[in-house]
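Shown next, in structure tokens, is the structure this report addresses.
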Amino acid sequence: MSASPSVDRQISGRFFDGESSGARAATACLQGEQLRLDLEDGSVAYFSAADVRLGIQVGSANSYLHLGERAALESADVVGLQALAAGLKATDGGTVWLRRLELNISLVLVSLVAVLAMLLGGVIWGVPWLSKQVAYRVPVALEQRAGEEGLDTLDRFWTSPSTLSEGRQQALLQAMQPYLAALELRYPEHRLKVHFRASEALGANAFALPGGNLVFTDEMVALAEHDEELVAVLAHEVGHAVHRHSMRNLVQGSLLVFVMVSLTGDVSAASDLVTGVPALLATLSYQRGMEEEADDFALAFLQEQNISPQRFADVMLRMDPPSGEEGELDELSGFLSTHPPTPERIERFQTGY
């Protein structure tokens, strides 16, 4: 009768049987072509090489051997577990390659740069693309309802009834009506409606709410020196409406918050300065693109209607007159602006392209 194979080395650890959450102290060693486990209660268990798999170690944490389908042996003696697995020629589950990657600083840095690049690309290009796809699939009726609720909110907190006389409002609506009719004929799904409101907080302004509600402040009307200037502003705001920019902004904001929460695991982190600034800059960039898209729409419409694009340039010059001052502060304010730089916009309308 031959002698039993010798035990080369014993490894201490904790044995998890996969049936309960508790662990039992155990020692492991090689015995022939099997792994032998001596448990603290005196019992012995054997596992063949086919049932043993070396687990993946993360950082300096304990390593472990998978034993069968559910059991495992955990130990701080990583080298010992690796020796046992090597003795059985057990699969390493990727441990060797993972350790090499962990210790290779160049690969770690390359991986970090790649992840950051993918994240940045997703925020800059992926989020706006997805937002556009989602926004264009939102039913127009739902968008119109959102616009009506938005107008109600403005009336409660930001605006008050217009101080323009009824006659002046009707005259303005009559001047805009032919152009509104032309636009509604081209875009029948949008119900375009002009509203006049007074607001010291908003000043000279005009904006498009979801669904085609177009708001002009009394200050904007007072700023215009010709009704065609207001028609030019109207065309710009209709460009926002038909391209569904308000809805796209809503979707983008929601997606950006979702991305920030996914990265940080904390809802409050979405408003944190560190995580919020990149989202803010990305959002402003998207809005500049939307403003350019609305400008394109307005320029083409004015040319079709034989209205001089200079009308838009004139009212823009009055809204944002050139200061004649340049410097880092002006460059920063131009970057943070949600609109393209005013001189560039004016030049486009003055040149007609």
**Message:** Give me, ordered by chain and number, the residues 5 or more places off SER162 or on other chains with an amide H under 5 Å from its own placed amide H.
**Reply:** ALA198
**Item:** Additional length obtainable on full extension of the chain from TRP158 to SER254, 0.36 nm per residue less Cα span
**Value:** 32.2 nm
**Asked** Summing Lys, Arg as +1 and Asp, Glu as -1, what charge do residues with Cβ under 15 Å from the Cβ of LEU250 carry, LEU250 excluded?
**Response** +2
**Complete:** Computed for the stretch 151-258: size of charge dipole around the Cα centre, +1 on C-beta of each Lys and Arg, -1 on C-beta of each Asp and Glu, debye to nearest 20, value 480
**Asked** In Å², what does the accessible area per residue of the stretch 103-261 work out to with a 1.4 Å probe?
**Response** 53
**Request:** May I ask for the net charge around GLY18, where only other residues with Cβ less than 10 Å from the Cβ of GLY18 are counted and Lys, Arg are +1 while Asp, Glu are -1?
**Result:** -2
**Item:** Computed label-point distance, nm, for sites ARG9 and THR351 using a 7 Å Cα→Cβ extension
**Value:** 7.5
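Output the direction-averaged projected area (hull surface divided by four) of the convex hull of the alpha-carbon atoms of the stretch 169-262, in nm².
7.0
The values are calculated or read from the model by the stated rules, or taken from the named source; none is laboratory data. On a predicted model such as this, the values are computed, not experimentally measured, just so you know. Cβ atoms come from the backbone with ideal geometry, glycine included; neighbour counts cover every protein chain shown. Surface areas here come from the heavy atoms of the whole protein model, side chains and all, with no ligands, DNA or RNA. Shrake-Rupley method; radii C 1.70, N 1.55, O 1.52, S 1.80 Å.
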